[in-house]
Amino acid sequence: MNKKQRRWRNRIVAAIAVFALIMVVDKTGLLAGLVGAAAEPYVAFALYLVPFLISGHDVLAKAARNIRHGEAFDEAFLMSVATIGAFATILFPDTESQAAEGCAVMLFYQVGELFQSYAVGKSRTSISELMDIAPDYANVERDGGLEEVDPEEVAVGDTIVVKPGERIPIDGEVVDGTSQLDTAALTGESVPRHVEPGAAVISGCINMTGVLRVRTTKPFGESTVSRILELVENASEKKARTENFITRFARVYTPTVVFAALALAVLPPLAGLGPWQQWVMRGLTFLVVSCPCALVISVPLSFFGGIGGASKIGVLVKGSNYLELLAHVDTVVFDKTGTLTSGTFNVVAVHPEAGVDPDYVLSNAAYAEAFSDHPIAVSVRAAYSGDIDRARIADVREESGHGVSARVDEHVVVVGNEKLMAEHGASWHDCDLTGTILHVSVDGHYAGHIVIADVVKDDAAQTIRDLHEAGVSRCVMLTGDRADVAEAVGAKLGLDEVRAQLLPEDKVREVERLLAEEDSGHRLAFVGDGINDAPVLMRADVGIAMGAMGSDAAIEAADVVLMDDHPSKIAAAMRVARKTMRIVWQNIVFAIGVKVLILALAAVGVANMWLAVFGDVGVAMIAIVNAMRAMRVEH
């Protein structure tokens, strides 16, 4: 609770204490005994006016200010008219004064408003905790020393030093040092990430152990932390259809009930259906009940809580409209590389010929590929555990795009595809595994082959299972990769449909086809991470980008960003979205149902001012408590 809220709370507590004391004196007859029965209503009126003004002077001022600005029909106006009207019953000598009820309405209204303020603040805190990832400074190496500068002053290519306990201010690459990074604020992951020279690091992470020297790869304005903060700041501007409906509903509803209350107070007594004070009280009670604060407060708070809850698990939703759409997703379309697979080549198998050591096959391939920067060569060297002595290598030649040949310790080593084996007269045989096959021959004799593939992510299969359990009917993969590779991945993960060898424009056409097949009310989400995925992310009902390793273009085009590379977060985000929408509709049905019931009772004179208080403040507080559940998520 902030300083303003504490002052507000103290003022309300003081007003309640004074009100309770006056009630005791008034209702026990002590006041009448002190001042006489004739003067008692007027003295009580003056006494109740004290806690009324202590608690509600700001509401009265707001109502007067809004009237001057031509914006009369809001909660402050309704509360002011209703409570002042209750006090005005002192002008009707034949009826009991409602000053106590008028004071109570204002007190309970303020309690509800304070509770709402606390709830909104708590929800906002869950999102604004992300703001703590914003770095205050960067340590730049200059003239042999370290200088603290504003992160915006650091240029691309500068070397910055990040000490233990400091946040990485700008995206970059580690050039010196090893450490553990706390990425929880960005990804929701509690396990620290190990980094060493050559590792890419993103801004906002906390350096936990060693000193790191990092060469920046982006300006501060384009770094991860800046993009996240921009997404958070813009999220509240994009309202869901339900939220927009409630806002429009309140604009029409409020003036309607004001005029209905006025008609209820004036028309029946003019028609001779009863005394003025009876119908004025019914009109005032009608006004108190009619406040739409339960709807106007709880629905946006539910969406805000849902966005905050998603941020706790490392999912950034760019607006409540996307949260609403995500709750209705029935089809999830995936890109393959970098989304369901790691996007990097890895050696998945070494198959030597009979009598040949697997390490012999791998070591010869690693030596032959020692000077190549091709991703396949890099993966072979990474799989080989030994050190490569380049002095043992000579006569390295790229073989027309089919592979490489080299002389290793006076032995001719050839590594490549079947065409290269045929050119060098080496026998070879195919492999049942799906992937890129590197055949290896030494001095013309076939030694075996190495299988290299883009490895499926650890949680990819679980992601598909979770989505199906969550009610998603179709999980589809679109990829530009070969059909056999795509089918193997699809079978392994349990995908419902696979489309391979697609260009970016082909992916858009496939998404258009799937959108056309969607049932009314259902939505399609596309998950991708590459620049070529941006058009499809824009076309889908909900675009989901893999944020940690995803391209800037994909993150910009997406509606939802996963701040790590775990696709399993998609199902978690959908659970948050669906829970949020359940809470939203619970609040709408509950608030409108209770309002309609008590409004009807107020119109026929059954509901008194105390029941009206519950109909307004009580319903609002219950709805707010329910809305706050959207912030609670399972990690």
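Structure data summary
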item	result
Selected residue (criterion: modelled with the highest pLDDT) from residues of the range 426-451 that are within 51 Å of the chain's Cα centre (by Cα) and of a type in the set (Ser, Thr, Tyr)	THR436
So ILE598, is it among the β-branched types (Val, Ile, Thr), modelled with pLDDT under 80, over 17 Å from GLY319 (Cα atoms) and in a helix (DSSP H, G or I)	yes
Selected residue [modelled with pLDDT of 65 or more, surrounded by 17 or more Cβ atoms within 10 Å (Cβ to Cβ) and not in a helix (DSSP H, G or I)] from VAL156, VAL140	VAL140
Residue in the range 47-62 that is farther than 26 Å from VAL617 by Cβ and without any contact (Cβ under 8 Å) to a residue 12 or more places away in the chain present	no
Scan of the range 1-31 for residues that are buried (at least 18 other Cβ atoms within 10 Å of the Cβ) and either in contact with an Asp or Glu (Cβ under 6 Å, 6 or more places away or on another chain) or not aliphatic (A, V, I, L, M) (or both), ordered by number	TRP8, PHE19, ASP26, LEU31
Selected residue (criterion: modelled with the highest pLDDT) from residues of the range 310-362 that are hydroxyl-bearing (Ser, Thr, Tyr) and not in a strand (DSSP E or B)	TYR360
Residue in the range 480-494 that is among the aliphatic types (A, V, I, L, M), more than 18 Å from ILE570 (Cβ to Cβ) and in contact with a strand residue (DSSP E or B) (Cβ under 6 Å, 6 or more places away or on another chain) present	yes
Which listed residue, of VAL161, VAL214, is of a type outside the set (Ser, Thr, Tyr), surrounded by 22 or more Cβ atoms within 10 Å (Cβ to Cβ), outside any helix (DSSP H, G or I) and modelled with pLDDT of 80 or more	VAL214
Wholly within the range 383-492, strands (runs of 3 or more DSSP E) carrying at least 1 residues that are within 23 Å of ASP373 (Cα to Cα)	393-398, 403-408, 411-416, 436-442, 445-456
Inter-residue pairs, beta-carbon under 7 Å, first farther than 16 Å from MET628 by Cβ and in the range 577-602, second not in a helix (DSSP H, G or I), 6+ apart	ALA577/ALA327; ARG578/ALA327; ILE598/ALA607; LEU601/ALA607
Inter-residue pairs, beta-carbon under 8 Å, first under 15 Å from VAL361 (Cβ atoms) and at pLDDT 90 or above and in the range 372-384, second assigned to a loop (DSSP other than H, G, I, E, B) and of a type outside the set (D, E, K, R), 6+ apart	ARG381/ALA370; ARG381/ILE388
Any hit, the range 510-527, residues being modelled with pLDDT under 85 and at positive phi	yes
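The values are calculated or read from the model by the stated rules, or taken from the named source; none is laboratory data. Note that the coordinates shown come from a computational prediction; the quantities given were computed from them, not determined experimentally. Cβ sites come from the backbone with ideal geometry, for glycine too, and all protein chains shown count toward neighbours.
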